[in-house]
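*Asks:* After the structure tokens below, expect a handful of questions from me.
The values are calculated or read from the model by the stated rules, or taken from the named source; none is laboratory data. Please read these numbers as outputs of a predicted model, since none were measured by experiment. Here Cβ is always computed from backbone atoms with ideal geometry, including for glycine, and neighbour counts include all displayed protein chains. Note: accessible area is taken over every heavy atom of the protein model, side chains too, but ligands, DNA and RNA are not part of it. Shrake-Rupley method; radii C 1.70, N 1.55, O 1.52, S 1.80 Å.
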Amino acid sequence: MARMTDDHAARPAETFAALHQQDRPLLLPNAWDHASAALLHAHGFPAVGTTSLGVAAAAGLPDGVRATREETLRLAGTLGALPFLLSVDAEDGFSDDPGEVGAFAAELRARGAVGINLEDGLGPVGRHVAKIRAVRVAAPGLFVNARTDTYWLGDGEGTRERVLAYRDAGADGVFVPGLTDLGAIAALVRDLEGCPLNVLYAPGGPSLARLGDHGVRRVSLGSLPYRRALGAALDAVVAVREGREAGEGTVPSYREVQEHVG
């Protein structure tokens, strides 16, 4: 695949950043392979993220343990050639060393990614700050979405301090998965003073519109589409086994899938 020049890469990166400054939050669906990403784009999504769980599970590997560095790069190379804005879930950068994380981010950018999602795993704030700074130097223009796991792995303690430190280190946006309380969301938006807040959509939680009303600028779907796809496949197989109709839900035709992967 031809690599993008710095000038060519800057334009989609700027477009991606601008999607975080609209009245309605950017809804970022997360793909796990070529077909899922191409289908999402074909149905009107200008930007697509990846899901680390989907990438790992599809390769028979565990998520969140730095096992999928090469799989993530390969997928970025495949999706980076498609006509949408790509943000890559890179776990914690697959290393504790900021220089290695920066180099990895530069590889993602060379493959066509315009954004990277980096999680702190509740590790030391200083280490994540150093990673963010390293990415800014090694991959200028790449949208850095700095994730904190204070709600995902903990009780929310320390969220404000972490996201402000990440913002001040140069993150373009901050991601707080597990945060659903609208009051806490609004307070965090005020504290961030214009730095886009990303949250994870929670079934049964606030709608996209309500999140937008409270200042959220990006809503990710994470592994939900992948897990729903697995569930739909299981439902269809079980229905056929039990003599029931297996045609419920959206089922892309054979021809449609072929058109998007051809």
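*Asks:* Between Arg255 and Leu122, what is 0.36 nm times their sequence separation minus the Cα-Cα distance? Round to one decimal in nm.
*Replies:* Between Arg255 and Leu122, full extension yields 43.4 nm more.
*Asks:* Computed from these coordinates, which is Cα extents along the principal axes in Å: (1) 57, 45, 35; (2) 92, 49, 28; (3) 63, 39, 30?
*Replies:* Matching entry in (1) 57, 45, 35; (2) 92, 49, 28; (3) 63, 39, 30: (1).
*Asks:* I would also like to ask the following. Please give the FRET efficiency for Thr15 paired with Ser207, using the beta carbon to beta carbon distance and R0 = 30 Å, rounded to the nearest 0.05.
*Replies:* The pair Thr15/Ser207 has a calculated efficiency of 0.70.
*Asks:* Okay, moving on. Give me the dipole magnitude in Debye, nearest 20, for the chain about the Cα centre, with unit charges on the beta carbon: positive for Lys and Arg, negative for Asp and Glu.
*Replies:* 340 debye
*Asks:* In addition: Report the gain in length on full extension from Arg228 to Ala35: 0.36 nm times residue separation, minus Cα-Cα distance, nm rounded to one decimal. The partial results should precede the final answer.
*Replies:* Values: separation 193, 0.36 × 193 = 69.48 nm, distance 1.53 nm.
Gain in length upon complete extension: 67.9 nm.
*Asks:* Choose one of Gly141, Leu118, Ala103: the residue whose Cα lies farthest towards the positive end of the charge dipole of the stretch 49-192 (beta-carbon charges +1 Lys, Arg; -1 Asp, Glu; about the Cα centre).
*Replies:* Gly141
*Asks:* Could I ask something else about it? What whole-number value in Å² describes the accessible area per residue of the stretch 26-135 for a 1.4 Å probe?
*Replies:* Values: 3770 Å² over 110 residues.
The answer is 34 Å² per residue.
*Asks:* Under 10 Å, Cα contacts only: if you run a Gaussian network model on the chain, which one of Ser223, Ser36, Ser95 comes out with the highest mean-square fluctuation?
*Replies:* Ser95
*Asks:* Go ahead and estimate [θ] at 222 nm for the chain from helices alone: -39,500 (n - 2.57) per DSSP H run with n ≥ 4, summed, over the residue count, rounded to 500.
*Replies:* -14000 deg cm²/dmol
*Asks:* Tell me the GluC sites (Glu not before Pro) within the stretch 80-179 that lie in a loop according to DSSP and have at most 13 other beta-carbon atoms within 10 Å.
*Replies:* Glu157
*Asks:* How many nm is it between the label spots at Leu182 and His43, if each spot is 7 Å from the Cα in line with the beta carbon?
*Replies:* Between Leu182 and His43, the label points sit 2.7 nm apart.
*Asks:* OK, next. What distance in nm separates the simple spin-label points at Glu242 and Arg74, each placed 7 Å from Cα in the Cβ direction?
*Replies:* 3.6 nm
*Asks:* Continuing with the same structure: Ignoring ligands, DNA and RNA, please state the percent of accessible area on the stretch 170-250 from carbon and sulfur, probe 1.4 Å.
*Replies:* That share works out to 53 percent.
*Asks:* Could I ask something else about it? Comparing Val65, Val238, Val219, which has the greatest mean-square fluctuation in the GNM of the chain with Cα pairs linked when under 10 Å apart?
*Replies:* Largest GNM mean-square fluctuation: Val238.
*Asks:* Still on this structure, I have one more. If you filter the stretch 8-112 for trypsin sites (Lys or Arg not before Pro), then keep DSSP loop positions with at most 11 other Cβ within 10 Å, what is left?
*Replies:* none
*Asks:* How many Å² of accessible area per residue for the stretch 174-262, probe 1.4 Å?
*Replies:* Here the per-residue accessible area is 59 Å².
*Asks:* Something else now. List every residue whose amide H lies under 5 Å from the amide H of Thr51, counting only residues 5 or more places away in sequence or on a different chain, with H placed 1.01 Å from N in the peptide plane.
*Replies:* For Thr51, whose amide H was placed from the backbone, the distant partners under 5 Å are Ala31.
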